[in-house]
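The values are calculated or read from the model by the stated rules, or taken from the named source; none is laboratory data. Treat the numbers as computed from the prediction; the structure is a model and nothing was measured. Note that each Cβ is placed from the backbone with ideal geometry, even for glycine, and that neighbours are counted across all protein chains shown. Just so you know, the surface numbers come from the protein's heavy atoms only, side chains and all, with ligands and any DNA or RNA stripped out. Shrake-Rupley method; radii C 1.70, N 1.55, O 1.52, S 1.80 Å.
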Amino acid sequence: MEGQGYLWIKAFHIVFVAAWFAGLFYLPRIFVNLAMETNPPATSRLLLMARKLYRFTTLLAVPAIVLGAAIVVLYKIGLGSENGWFHVKALLVLITIAYHVYCGKILRRFEAGQNTQTHTYYRWFNEAPVVLLTLIVIMVVVKPF
């Protein structure tokens, strides 16, 4: 079941997941700063940073998701009714993808000058990926059910 191919796929999956989450940790921090910023040149600079980071984070998410799916399809990891942990993990990954897409929507609002949220909102919003990653790691490592 778990040969060298599996270990290579798993290793690169972990690397891309870590990189994807790094972007998800930082992008909402830029939103915090954008929500507080009143200086147009600084706002332009922050928007440029956010656009580049969102694009790069998206490029990292794709192989993370594809490699995770490859592990499931090729090695049948997590399949079966006795693997409740995997079903929860898969749901958390879907929520993470939705969070990522929602970050893009927030970025477009900032670009259009239509942000309606406060910096405090984005400070709380910024905590979601930490919670998601923690729960995902617990599901994969501990397999509580």
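Between 0 and 90 degrees, rounded to the nearest ten: what's the tilt of helix 84-111 against the longest Cα principal axis of the chain?
It is inclined by approximately 20 degrees.
Could you state the accessible area per residue of the stretch 1-96 in Å², with a 1.4 Å probe and every protein chain left in place? Before the final figure, lay out each step's value.
Working: 5470 Å² over 96 residues.
Heavy-atom accessible area per residue stands at 57 Å².
If packing is taken as the mean number of other Cβ atoms within 10 Å per residue, what is the order of 22-30, 90-98, highest first?
Working: 22-30: 19.0, 90-98: 15.4.
Order by mean packing, descending: 22-30, 90-98.
Compute the angle between helix 128-141 and the longest alpha-carbon principal axis of the chain, please, reported from 0 to 90 degrees and rounded to the nearest 10.
Here the helix axis deviates by roughly 10 degrees.
Expressed in nm to one decimal, what extension gain is obtained for the pair Tyr26 and Leu74 from 0.36 nm per residue of sequence separation less their Cα-Cα distance? Numbers along the way, then the final one.
Numbers: separation 48, 0.36 × 48 = 17.28 nm, distance 3.28 nm.
This chain segment gains 14.0 nm when fully extended.
Match the structure shown to one of the listed values [x] 0.94; [y] 1.03; [z] 1.20 of Cα Rg over 2.2 N^0.38 Å, computed from it, and give that label.
This structure yields the entry labelled [z].
For labels at Leu7 and Ala128 in the simple 7 Å Cα→Cβ model, what's the distance in nm?
Going by the 7 Å Cα→Cβ label model, 3.8 nm.
Taking the Cα centre of the chain as origin and charging only Cβ (+1 Lys, Arg; -1 Asp, Glu), how large is the dipole, in debye to the nearest 20?
Details: 13 positive and 5 negative charges, 62 e Å.
The calculated dipole for the chain is roughly 300 debye.
Starting from the stretch 67-130, pick out the GluC sites (Glu not before Pro) whose DSSP state is loop and whose Cβ has at most 12 other Cβ atoms within 10 Å.
When the GluC sites (Glu not before Pro) of the stretch 67-130 are filtered for loop state and at most 12 Cβ neighbours within 10 Å, Glu82, Glu127 remain.
Expressed as a whole percentage, what fraction of the accessible surface of the stretch 1-96 belongs to carbon and sulfur atoms when a 1.4 Å probe is rolled over the protein heavy atoms? Don't jump to the answer; show the numbers that get you there.
Working: 3960 of 5470 Å².
Carbon and sulfur together cover 72 percent of it.
How many angstrom lie between the Cα centre of the stretch 75-145 and the Cα centre of the stretch 1-37?
Using only Cα atoms to place each centre, the spacing works out to 11 Å.
Which trypsin sites (Lys or Arg not before Pro) from the stretch 74-138 combine a DSSP loop assignment with at most 11 other Cβ atoms within 10 Å? Don't jump to the answer; show the numbers that get you there.
Working: sites: Lys76, Lys89, Lys105, Arg108, Arg109, Arg123; in loops: Lys76.
Answer in residue order: Lys76.
Counting helices only, and only those DSSP H runs with n ≥ 4, report the 222 nm mean residue ellipticity of the chain as the sum of -39,500 (n - 2.57) divided by its residues, in deg cm²/dmol to the nearest 500. Before the final figure, lay out the partial values.
Working: 5 runs with 118 residues, N = 145.
Taken over the chain, the calculation gives -28500 deg cm²/dmol.
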